[in-house]
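As structure tokens, the structure follows; a few thoughts come after it.
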Amino acid sequence: MVIVGERINSSRSAIGRAIENRDSSLIKKEAMNQRKAGAHMLDVNCALKSKNEADDMAWLVSLVQHETNLPLSIDSPNPEVIEAGLSNHTGKAIINSVTLEGERVKAVMPIAKKYDAFLIILLMNEKGMPKSADERLDMARTAKQLSRDYAIPAENIYIDPLIRPISSEPEQAREVIKSVRMIKKELNLKLICGLSNVSYGLPERSTLNAVYLSMMMSAGLDAAILDPTNKKIKSIIKVANALLGKDEYCMEYLRSYRAGEIASL
Ligand code: THG
């Protein structure tokens with residue numbers, strides 16, 4: 001499971017201020033903490049309240065990569081911002097993201113091709129967001145066809161089935177799990193999600209996030225954007241990997257246990 005650290009996001013007010021003031025020390029600290037916690041990649045998002053999102057993104061990408069040497073997930077709906085990030089990035093980045101809306105596809109797919117980047121495709125089109133697992137599968141079929149049309153290899157594509165809060169749409173978390181199974185089986189595409197939406201508006205969010213993550217991992221999730229420094233999340237990744245036979249002889253589980261990293265429920 002590819003762990004993408006979510007913490008460098010301007011929707012978090014301290015991060016927003018640090019980006020605005022070009023305060024590199026807080027950003028570096030957040031970056032290194034996530035790397036130490038086991039993140040394989042870091043998401044960088046400076047959309048909120050930004051006066052010049054492209055400049056902010058270029059600054060963030062250089063800073064975070066210089067500090068961590070990790071590949072980044074460039075989180076913006078804006079093609080110019082995405083390109084500002086990619087042109088300052090070394091190695092293979094993730095473009096986060098494109099929807100299935102025609103204008104966005106036309107703008108972002110060629111950028112993904114040009115930079116040979118991974119590309120997250122959100123299951124959402126001009127008609128809005130899907131409700132059922134079947135609708136999600138249908139949109140994922142479209143996503144696969146579009147990536148073929150633009151000669152983007154399927155290995156570069158991540159499908160995001162878009163998790164919604166159970167507090168307002170109680171059946172959506174279940175439909176998303178179902179869609180992960182269906183999309184893997186029929187299309188063999190990789191799946192990613194932003195985990196924490198599921199718990200929006202409820203108390204004890206990290207417990208809900210952690211248990212939902214284990215369900216999604218069992219359905220075949222390949223990557224998740226989450227807080228890798230959270231103890232419950234960190235534990236559940238090790239626990240689920242061991243339970244799903246992805247941790248030979250439970251070596252990693254035992255190592256984490258000895259290091260005091262497995263939270264008891
Ligand atoms: N899919 C994709 N990309 C995404 C998302 C997704 N990017 C953004 C988001 N969703 C995932 N990233 C974050 C980053 C930070 C927080 C949540 C998701 C976060 N949230 C706290 C909250 O909502 O309460 C804020 C707390 C704080 O201020 O510290 O931190 O779904 N492809």
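Each value in this text was obtained by applying a stated rule to the coordinates, not by laboratory testing. Only a predicted model underlies this, so the values are computations on that prediction, with no experimental measurement involved. We place every Cβ from the backbone using ideal geometry, glycine too, and count neighbours over all the protein chains shown.
Details
- Translational diffusion of the range 97-141, µm² s⁻¹ [Kirkwood Rh, Cα pairs; Stokes-Einstein; 20 °C; 1.002 mPa s]: 192
- Full-extension gain in nm, Ala154 to Asn21, via 0.36 nm per residue minus C-alpha separation: 43.9 nm
- Label-to-label distance, nm, for residues given as Thr142 and Asn52 (7 Å Cα→Cβ offset): 3.7
- Entries of Lys49/Lys106; Lys36/Lys238; Lys184/Lys231; Lys36/Lys234 with Cα pairs more than 23 Å apart: Lys49/Lys106; Lys184/Lys231
- Taking 0.36 nm per residue of separation and subtracting the current Cα-Cα distance, fully stretching the chain between Met251 and Glu80 would add 57.1 nm.
- The calculated FRET efficiency for the pair Ser264 and Met32, based on their C-beta separation and a Förster distance of 25 Å, comes to about 0.35.
- Spatially proximal lysines relative to Lys178 (Cα-Cα < 22 Å; intrachain offsets below 8 disregarded): Lys127, Lys131, Lys144, Lys190, Lys246
- Segments 145-157, 99-111 sorted - mean Cβ within 10 Å per residue, highest first: 99-111, 145-157
- Kirkwood hydrodynamic radius (C-alpha pairs) into Stokes-Einstein, the chain, 25 °C and 0.890 mPa s, D in µm²/s: 130
- Taking the chain and dividing mean pair separation by its residue count, relative contact order in percent (alpha carbons under 8 Å, at least six apart): 16
- Value in Å of the Kirkwood radius, where the range 152-265 supplies the Cα pairs that are averaged: 14.9
- Residue-averaged 222 nm ellipticity for the chain, from DSSP H runs of 4+ at -39500 (n - 2.57), nearest 500: -15000 deg cm²/dmol
- The range 1-47 versus the range 187-236: alpha-carbon centroid distance in Å: 18
- Antiparallel %, DSSP beta bridges [both residues in the chain], to 5: 5
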